[in-house]
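Since every read-out is calculated from the coordinates, none of them should be taken as a lab result. This structure is a prediction, so every number in the text was calculated from the model and none was measured. Heads up, the Cβs are rebuilt from the backbone with ideal geometry, glycines too, and the neighbour counts pull from every protein chain shown.
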Amino acid sequence: MTFSNVDEIKKAGFTGFKRMGELFDDSSMLPKIKGVYLVLYLGGKPPYFLKVGTGGHFKGKNPNISIAQLNNNWVDDTIVLYIGKAGKEGSNATLQSRLRQYLSN
């Protein structure tokens, strides 16, 4: 599977593509099931990184790293920023609850 375009990702079986703006407005369309999800960047060119992120600290840790590190870690020719899983065994997490965590931060 290549991560370079949406058509290839669809061929791999991913469905239900939504823009973050749509989900900020109404996340009720997200399914209440376990599953795998992708966060995509469709900007076409490398993003502009902020010196200080807007997400805040997580579990007491500062998640910020230098812009140089961000640029060095950027992977060209891919649109996938993150691959996540909602609902491991013994967990009640769903795609809806997991993605709502992103939207609330």
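Tabulated data
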| quantity | calculated |
| --- | --- |
| Helix-only mean residue ellipticity at 222 nm for the chain, each DSSP H run of n ≥ 4 adding -39500 (n - 2.57), per residue, nearest 500 | -7000 deg cm²/dmol |
| FRET efficiency, SER27 to LYS51 (Cβ-Cβ, R0 22 Å, nearest 0.05) | 0.15 |
| Point-charge dipole on Cβ atoms (K/R +1, D/E -1) for the chain, about Cα centre, debye to 20 | 380 |
| Hz values of 3J(HN,Hα) by residue in segment 55-70 - Karplus curve (6.51, -1.76, 1.60), Gly and Pro given as x | x, x, 7, 10, 6, x, 10, 7, x, 6, 10, 5, 4, 4, 5, 4 |
| Farthest positive-ward along segment 6-100 dipole, Cα basis, beta-carbon charges - from ALA93, LEU81, ASN64 | ALA93 |
| Relative contact order (%) - criterion: Cα under 8 Å, at least six apart; region: the chain | 42 |
| For LEU81, distant residues with modelled amide H under 5 Å away | VAL39, LEU40, TYR41 |
